[in-house]
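Structure first, then comments.
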Amino acid sequence: KAREEERSRIAAELHDNIGTQLGFISRKIDMFRSGLNDAKMGSPIMLDEINIASRRTIADLRETIWTLKKEKVAFSQLADRLKVYAKKQLEDVEKAKLEIVEDILHDVTLSPVDSLNVFRIIQEAVYNAAVHSGANLVSMKFKALEKGEWSIEVHDNGIGFDTSLDYENHYGLENMKQRASESGLKINIDSEKATGTVIILSFN
């Protein structure tokens, strides 16, 4: 029963997350086709948006399938996949550097759904740091202790933002908080303009 519940939740993840992204791509393609004679609507910028969304959807689907095949996921395995994702995100960011620190004293295991939630939260943090922050340095810290406590930190030295404000059409932060709550995790988001952003996800 527990396994079926896990699979049902991951199926909902596919429907909600991947389905939404595919819908976005479809709408963008329709807009591009209808605006081929319009310099703004048919511009290479829109093609770039479609390309980025497509690549992100493929990455999301790959991670969902990887999680679906697992009965449990080791923290060290999850850390490795997040490091690969971060490296790929920062490859195309000019002069951006990625620093990784690991302090895994005792490996812990996560359920498939919790693993997927953790991946999505850190994925969003890394994506924002790479694409929106203007940072030239992004650091990731992975820590796991003997008592099963663990944490993942993403820190960038970008432009930062006011966490007290609501940003129109930007639901990333709310989604991160919702996923953390669903898996019983703590998430701290600290950011100030011109000083960068620190996001810490933890279990203890």
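The values are calculated or read from the model by the stated rules, or taken from the named source; none is laboratory data. These numbers come from a predicted model, not from an experiment. Methodologically, a virtual Cβ is constructed for each residue, glycine included, from the backbone with ideal geometry; neighbour enumeration extends over all protein chains shown. These accessible areas exclude ligands, DNA and RNA; they are computed on the full protein's heavy atoms, side chains included. Shrake-Rupley method; radii C 1.70, N 1.55, O 1.52, S 1.80 Å.
So here's what we get for this one:
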{"quantity": "Flag if residue 99 is over 23 Å from residue 172 (Cα atoms), touching a Leu at 6+ places or on another chain (Cβ under 8 Å) and in a strand (DSSP E or B)", "calculated": "yes"}
{"quantity": "Pairs, first assigned to a helix (DSSP H, G or I) in the range 19-32, second open to solvent by 70 Å² or more (accessible area, probe 1.4 Å), C-beta under 8 Å, six or more apart", "calculated": "28/49; 32/47"}
{"quantity": "Residue 128 surrounded by 15 or more Cβ atoms within 10 Å (Cβ to Cβ) and either of a type in the set (Asp, Glu) or more than 17 Å from residue 197 (Cα to Cα) (or both)", "calculated": "no"}
{"quantity": "Answer residue from the range 58-115, given it is basic (Lys, Arg) and in contact (Cβ under 8 Å) with a residue 40 or more places away in the chain and is least open to solvent (accessible area, probe 1.4 Å) among those", "calculated": "83"}
{"quantity": "Residue 86 being modelled with pLDDT of 90 or more and either farther than 19 Å from residue 130 by Cβ or β-branched (Val, Ile, Thr) (or both)", "calculated": "no"}
{"quantity": "First in the range 177-193 and surrounded by fewer than 13 Cβ atoms within 10 Å (Cβ to Cβ), second anywhere and not hydrophobic (A, V, I, L, M, F, W, C), Cβ under 7 Å, 6 or more apart", "calculated": "182/117; 186/202; 193/160; 193/162"}
{"quantity": "Residues of the range 5-32 classified as modelled with pLDDT of 75 or more and of a type in the set (D, E, K, R), total", "calculated": "3"}
{"quantity": "Enumeration of residues in the range 104-157 that are in a strand (DSSP E or B) and acidic (Asp, Glu)", "calculated": "153, 156"}
{"quantity": "Subset of the range 67-83 [assigned to a helix (DSSP H, G or I) and at pLDDT below 75]", "calculated": "67, 68"}
{"quantity": "Checking residue 141 against (1) open to solvent by less than 30 Å² (accessible area, probe 1.4 Å); (2) under 16 Å from residue 198 (Cβ atoms); (3) without any contact (Cβ under 8 Å) to a residue 60 or more places away in the chain, the condition it does not meet", "calculated": "(1)"}
